[in-house]
1. If I filter segment 134-144 for residues that are of a type outside the set (D, E, K, R), under 11 Å from PHE226 (Cβ atoms) and part of a loop (DSSP other than H, G, I, E, B), do I get at least one hit?
2. Of the conditions (1) modelled with pLDDT under 95; (2) crowded, with 19+ Cβ neighbours inside 10 Å, PHE146 fails just one. Which one is it?
3. Could you list, in sequence order, the residues of segment 150-167 that are among the aliphatic types (A, V, I, L, M) and modelled with pLDDT under 90?
4. Taking interchain pairs and intrachain pairs at least six residues apart, which have beta carbon atoms under 6 angstrom, with the first residue in segment 226-239 and farther than 20 Å from ASP155 by Cα and the second of a type in the set (S, T, N, Q) and crowded, with 16+ Cβ neighbours inside 10 Å?
5. Give segment 134-170 a look and list any residue that's touching a residue at least 60 places away in the same chain (Cβ under 8 Å) and touching a Cys at 6+ places or on another chain (Cβ under 8 Å), or say none.
6. Is at least one residue of segment 76-90 at pLDDT 80 or above, surrounded by fewer than 18 Cβ atoms within 10 Å (Cβ to Cβ), in contact with a His (Cβ under 9 Å, 6 or more places away or on another chain) and not in a strand (DSSP E or B)?
7. For segment 202-213, which residues satisfy the criterion of being part of a loop (DSSP other than H, G, I, E, B) and either within 15 Å of the chain's Cα centre (by Cα) or surrounded by fewer than 24 Cβ atoms within 10 Å (Cβ to Cβ) (or both)?
8. Could you list, in sequence order, all residues of segment 39-65 that are modelled with pLDDT under 80 and more than 26 Å from ALA214 (Cβ to Cβ)?
Amino acid sequence: MSRVARLIFALMTGGMMAIATWAAASEPVLISIAPTHPYGSARAHALPENLRRVGQFYFSGQPHRNTDPFLDEWATLKTFFGIRTNINLRMPYESHYGNESSLEKGYLDWLNRLWGARIFDDPRSRLPHGGAVPLTVTTAFSTHDFAPLDEFAEDAKWTFRRAEELLRFYTIPGMCPVLTHCHAGMGRTGQAQALVSYALFGEDMEESISSMRASGGAPNDSQIRFLQAFARKHPRGYLADQVPAECLNER
């Protein structure tokens, strides 16, 4: 089993899963926070569905906001993980969460205000990202649900252009930590995770797919064929030397 396939699961603490021990940068890690988190509030903080990471590239389902900052998944992403970039793979027509779509200007304004504010008052100053931090949000790689990360859904027409542009976007300095999400964090986001492991961390595509599935991704058959075809057209780790150092950090 490759190192990218070895998941590190957290221990159960007080009915909540404690934050996972950080692994090698290329290992996908399932993440959650318990009251015993080292940054330590007395209450657990909400997390997006299927949150996991490879290096400083995070993947999840659509995060939810809440008027209570302890229940606000975006606040957790900002305050505890220092997310600086949000890649939303959802299309404008998707309305599963109503105003949760970051395609809406009002929602973008709200996110910018959140990232520009101090969310939690911690007198011990143990919150890693409590103050204002910049945020970049992009929908440039939005893809239809159940579709490959490509302009076309049919195998014979794949250009790989969208996936290539997404991977190049990941290599821009100053973007990490990056959160990529779709609706449930399984199909489209699962593809992005496998592509990161393959192109940026140099893992074999079949191993990348296996570890992605084990950590919460669930692409359909067409999306898997797309990933395999991508690997036939692109060398493993072809962008590894362009990944910024801050994206390789283990914690």
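The values are calculated or read from the model by the stated rules, or taken from the named source; none is laboratory data. Predicted model, so just to flag it, every value in this text is computed and none were measured. All Cβ positions, glycine included, derive from the backbone under ideal geometry; neighbour counts span all protein chains shown.
1. For segment 134-144, residues of a type outside the set (D, E, K, R), under 11 Å from PHE226 (Cβ atoms) and part of a loop (DSSP other than H, G, I, E, B): present.
2. Failing condition for PHE146: (2).
3. From segment 150-167, those among the aliphatic types (A, V, I, L, M) are 153, 156, 163, 166-167; that's our starting set.
Passing the criteria: ALA153, ALA156.
4. As it stands, the answer is LEU239/THR171, since those pairs meet every condition given.
5. The one that is touching a residue at least 60 places away in the same chain (Cβ under 8 Å) and touching a Cys at 6+ places or on another chain (Cβ under 8 Å): TYR170.
6. Yes: segment 76-90 contains one or more residues that are at pLDDT 80 or above, surrounded by fewer than 18 Cβ atoms within 10 Å (Cβ to Cβ), in contact with a His (Cβ under 9 Å, 6 or more places away or on another chain) and not in a strand (DSSP E or B).
7. Answer for segment 202-213, where residues must be part of a loop (DSSP other than H, G, I, E, B) and either within 15 Å of the chain's Cα centre (by Cα) or surrounded by fewer than 24 Cβ atoms within 10 Å (Cβ to Cβ) (or both): GLY202, ASP204.
8. Of everything in segment 39-65, those that are modelled with pLDDT under 80 and more than 26 Å from ALA214 (Cβ to Cβ) turn out to be TYR39, GLY40, SER41, ALA42, ARG43.
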